[in-house]
Amino acid sequence: MIKTVPTVPFDDQKPGTSGLRKKVRVFQQPHYAENFIQSVFDSLEGYAGKTLVLGGDGRFLNRDVIQIALKMAAANGFGRVLVGQGGILSTPAASHLIRSSGAFGGLLLSASHNPGGPDEDFGIKYNVSNGGPAPEKVTDAIHARTLAIASYKILDAEDVDIDTPGTSQLGDMTIEIVDPVAGYADLMESLFDFGAIRALIADGFTLSFDAMSAVTGPYAVEIFENRLGASKDTVRNAIPLPDFGRHHPDPNLVHAKELYDRMMAPDAPDFGAASDGDGDRNLIIGRHCYVTPSDSLAVLAANAHLTPGYALGLKGIARSMPTSGAADRVAEKLGIPLYETPTGWKFFGNLLDAGMTTICGEESAGTGSDHVREKDGIWAVLLWLNILAARRQGVAQIMAEHWTTYGRNYYARHDYEAIAKDKADALMEALRAKLSTLPGASNSGGTVKSADDFAYADPTDQSISRNQGVRILFEDGSRVVFRLSGTGTEGATLRVYIERYVASDGDLGMAAADALAPLVRAAQEVADISGFTGMEKPGVIT
Ligand code: G1P
Ligand code: ZN
């Protein structure tokens, strides 16, 4: 029986960089998840009888919200829902499943790299039929609907068994519980030379993958251990846990410290990697050699042609604005376009759909290609492995050769977390107010060449996104970028992105912190970070 439940709007359901993200306790308020899901459905047209993909990263509340979403999808007239067994689907696997099944769209339950558990974070994101995050016009419509909603529809039914593969009925709707891994693993096998990677491993090449007790565990075990023959201890923290073992499933140098230490030890494996809560991010560390995500994007783009899926070359490269310019130099050499977009994967979708770019990446450990419409952690690891297998060189050697060819973009991101929102807004406000006075002025970073607030005109639909981050560019090509996070759930997070380019005949072997020190001082001078935030130092440096 379909119930229509009266409700009142919540005023805090505006989707951010990646869907609606809130504390679990917020999602646990009566009607909270239901309101948002109904607002998503109300913002869509023509889904009657169509297929919806449903799954998440296994975090606390995943299974409960799957039950709610199933009953609401049935009450709202979807024809079929494909659910990852156990409620599990990594974000890239969900993107692939939406595309390969011809689904109308998908609900992805995740708060990505944010911690999970009763006191931590949860999230719901809607992806459209191309497999990518809903574009802004859809998320705006969803937000408008959340402010006006008066009721939602839900089927009055028993909970569905989501652990047994197979097909069942819920009202008039069919539910298929599908293997979350197999189709995705097959896609990877179609893009990369698994034989060459297997041969590399058989020759003694060792790797270590930290799944951070999050969604990539089952994918990594199947692909690296079962299909590629890596030893059975390759995948660490392989079982997805509702609280990620109380760790922060963010593959950076702070939260993946265990992996970092293993990779810096005298007996380190040849290659180390990690992924985040929902499997779309990647961290790459060679033996004694950390690779920044911006450099990783550049190296992958420069070498992708060595792998079967990209043997014909790339159509273009896209990177988010705060990502370093390392990829720009590769694009220039390859003679292909480079697109600079605002932060967030949704901006890449249009470029990928239009066939304008093949590879995309962000400084925040996200890299992907036109094989899906999300960034993809395991894909990035496999592309690296395929390149290593083709070149038969170590990561450190590949990096050194890359910098000798293109020069080096020293890079770091400084995060100031949990700042009071009004203080963070005031800092950005003050910065914006002085933009026009900066060009020509000198500070610890050198002479400012230009300063602006990044605006993006999407070349596929001419839509304009403004206020996407304050950029201060110096005459020597260095830059400092400031923006506020759109994914945090506590106060505001200020991100400061610092970059300095050194040409191939310059000093390529500095420690990044040393190379960037003058620019770090310049960022403080220009934005008075400590004055506004009361913080002398960033909480996280990546
Ligand atoms: C962060 C990253 C951004 C990424 C997003 C989703 O967003 O900076 O690159 O696309 O998470 O994974 P932010 O919190 O900066 O808005
Ligand atoms: Zn993620």
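The values are calculated or read from the model by the stated rules, or taken from the named source; none is laboratory data. For clarity, every value in this text was computed on a predicted model and none was experimentally measured. Glycine gets a Cβ as well: all are built from the backbone with ideal geometry, and neighbour counts include every protein chain shown. Ligands, DNA and RNA are stripped out before the accessible areas are found, and what is left, the full protein with its side chains, is counted by its heavy atoms. Shrake-Rupley method; radii C 1.70, N 1.55, O 1.52, S 1.80 Å.
Against the test of being part of a helix (DSSP H, G or I), touching a residue at least 12 places away in the same chain (Cβ under 8 Å) and either within 30 Å of Ile2 (Cβ to Cβ) or of a type in the set (A, V, I, L, M, F, W, C) (or both), the options Ala196, Ala238, Ala273 yield a single qualifying residue, Ala196. Of the residues in the stretch 409-423, at least one is open to solvent by 40 Å² or more (accessible area, probe 1.4 Å), more than 28 Å from Lys333 (Cβ to Cβ) and without any contact (Cβ under 8 Å) to a residue 12 or more places away in the chain. Any residue that is open to solvent by less than 10 Å² (accessible area, probe 1.4 Å) and assigned to a loop (DSSP other than H, G, I, E, B) - is there at least one of those in the stretch 285-306? No: zero hits.
Scanning for something closer than 28 Å to Ala202 by Cβ, within 22 Å of the chain's Cα centre (by Cα) and within 13 Å of ligand 1 (Cβ to nearest atom), does the stretch 289-304 turn up at least one residue? Within the stretch 289-304, not a single residue is closer than 28 Å to Ala202 by Cβ, within 22 Å of the chain's Cα centre (by Cα) and within 13 Å of ligand 1 (Cβ to nearest atom). Number of residues in the stretch 317-344 that are touching a Cys at 6+ places or on another chain (Cβ under 9 Å) and either open to solvent by 10 Å² or more (accessible area, probe 1.4 Å) or among the small types (Gly, Ala, Ser) (or both) equals 4.
Taking the stretch 487-516 as the search range and keeping residues that are more than 28 Å from the chain's Cα centre (by Cα) and over 16 Å from Thr292 (Cα atoms), which one is farthest from ligand 2 (Cβ to nearest atom)? Result: Asp505. Consider the stretch 464-485 and keep the residues that are in a loop (DSSP other than H, G, I, E, B) and open to solvent by less than 50 Å² (accessible area, probe 1.4 Å). The one that is farthest from ligand 1 (Cβ to nearest atom) is Gly477.
Checked against (1) under 17 Å from Trp384 (Cβ atoms); (2) surrounded by 19 or more Cβ atoms within 10 Å (Cβ to Cβ), Asp278 meets all criteria but (1).
Any residue at all in the stretch 73-86 that's free of Cβ contacts under 8 Å to residues at least 40 places away in the same chain and of a type outside the set (Gly, Ala, Ser)? No, because not a single residue in the stretch 73-86 is free of Cβ contacts under 8 Å to residues at least 40 places away in the same chain and of a type outside the set (Gly, Ala, Ser). Checking each residue in the stretch 112-138 for being open to solvent by less than 10 Å² (accessible area, probe 1.4 Å), farther than 15 Å from Pro249 by Cβ, assigned to a loop (DSSP other than H, G, I, E, B) and within 15 Å of ligand 1 (Cβ to nearest atom) picks out Gly132, Ala134. Tallying residues that are away from ligand 1 (no atom under 16 Å from the Cβ), acidic (Asp, Glu) and closer than 19 Å to Cys289 by Cα within the stretch 354-389 yields 0. Yes or no: Lys22 surrounded by fewer than 17 Cβ atoms within 10 Å (Cβ to Cβ) and not in a loop (DSSP other than H, G, I, E, B)? Considered against the rule, which asks whether it is surrounded by fewer than 17 Cβ atoms within 10 Å (Cβ to Cβ) and not in a loop (DSSP other than H, G, I, E, B), Lys22 comes out as no. In the set Glu332, Glu363, only one residue is more than 18 Å from Asp280 (Cβ to Cβ) and at pLDDT 95 or above; that residue is Glu332.
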